[in-house]
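Reviewing the structure listed below.
The values are calculated or read from the model by the stated rules, or taken from the named source; none is laboratory data. Predicted, not measured: the structure shown is a model, and the values here were computed from it. Glycine also receives a Cβ, built like all others from the backbone with ideal geometry; neighbour counts cover every protein chain displayed.
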Amino acid sequence: MVTGLRRYFTESWSELKKVAWPTREMVVRLTLLVIAVSVAVGAYIAVLDILLHTALDQTVL
């Protein structure tokens, strides 16, 4: 049991050394991109919701 666990962590660590980690600049840029896209999609959905809500209110009366 302990041997298997030790082997698992050793192999995991060796695989993590092979990963091409992004630079700090790339992480910041991609994070800002995700935030911008999320805000844009949220705004689009909000505008669409307001338009549909207004249209439904007009048809009910």
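Structure notes:
- Residue check: residue 21 meets all listed conditions (1) modelled with pLDDT under 95; (2) outside any loop (DSSP other than H, G, I, E, B); (3) of a type outside the set (Asp, Glu) but one, namely (2).
- Residue in segment 3-18 that is among the acidic types (Asp, Glu), over 17 Å from the mean Cα position of the chain (by Cα) and surrounded by 10 or more Cβ atoms within 10 Å (Cβ to Cβ) present: yes
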